[in-house]
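The values are calculated or read from the model by the stated rules, or taken from the named source; none is laboratory data. Just so it is clear, the structure is predicted and the values come from calculations on it, not from any experiment. Heads up, the Cβs are rebuilt from the backbone with ideal geometry, glycines too, and the neighbour counts pull from every protein chain shown.
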């Protein structure tokens, strides 16, 4: 008998069945994503070229990636990319994988920026650069700065800014310390670690074993870093500037209580009805629209 000729169709069918046996929730999707990445094509190509044979070298790489996935390694680290705000971001294990719920922060920021010409924006804890680069892509007239305490993360973020042609000034340092000599900002955004030690202990192993603890775990009730950030933000915002920070589900009341010195504090919920963002404006303002 001759050797079996593995095609795109047969590989996808075998891998989907295997992933189902291993109880992966999105078996077919993950099989398609892994194979498309190995072949350096998009998923539509797989369906158009169902009967195309797959060479031995590609099959070996595909097999390796299947094994990696079954150890619990996130799909985004295996493929090295993740879509966010309809943009493809490069990733490494040194940065947190961008979550779909964080898109709400970017969308809310873009709504705020409609009222401002050439806004000055600062992101604290940029990680992969997903937030800052997305803002730069969709609001190219903005002046954007972003910082992180991880030099490895800044390398990833800078790479993403270049590949997506977004103008962002990245700096190393803790919270807003790299920007103390800068002119005030119209908007300060952040998605800092907000998971308490108790919540972190209960996270799935896929997260705890592979994603950087530095980007997830926060002291105390999870809002400690935001409490440290608040006075710095008050110093570096324009008189009627805004903060827009991502928080954890159920942290809304505690987040609101810590915002003394800000006006119009609002907790924004995600589509599932969970606390997701805190938005607040510095100072007193009596007009109808924000003035930056």
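Annotations for the structure displayed:
- Residue in segment 13-29 that is closer than 18 Å to residue 206 by Cβ and touching a residue at least 60 places away in the same chain (Cβ under 8 Å) present: no
- Qualifying residue in segment 231-246 (condition: in the same structural domain as residue 151 (by TED's automatic domain parsing), within 18 Å of the chain's Cα centre (by Cα), assigned to a loop (DSSP other than H, G, I, E, B) and closer than 17 Å to residue 98 by Cα): no
- Yes/no for residue 122 being in the same structural domain as residue 272 (by TED's automatic domain parsing) and assigned to a loop (DSSP other than H, G, I, E, B): no
Yes/no per residue for (1) assigned to a helix (DSSP H, G or I); (2) in contact with a helix residue (DSSP H, G or I) (Cβ under 9 Å, 6 or more places away or on another chain); (3) surrounded by 15 or more Cβ atoms within 10 Å (Cβ to Cβ); (4) modelled with pLDDT of 95 or more:
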position: 254; (1), (2), (3), (4): yes, no, yes, yes
position: 272; (1), (2), (3), (4): no, yes, no, no
position: 277; (1), (2), (3), (4): no, yes, yes, yes
position: 285; (1), (2), (3), (4): no, no, no, no
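- Unique match (being within 22 Å of residue 132 (Cβ to Cβ) and either surrounded by 19 or more Cβ atoms within 10 Å (Cβ to Cβ) or in contact with a strand residue (DSSP E or B) (Cβ under 9 Å, 6 or more places away or on another chain) (or both)) among 214, 203, 192: 192
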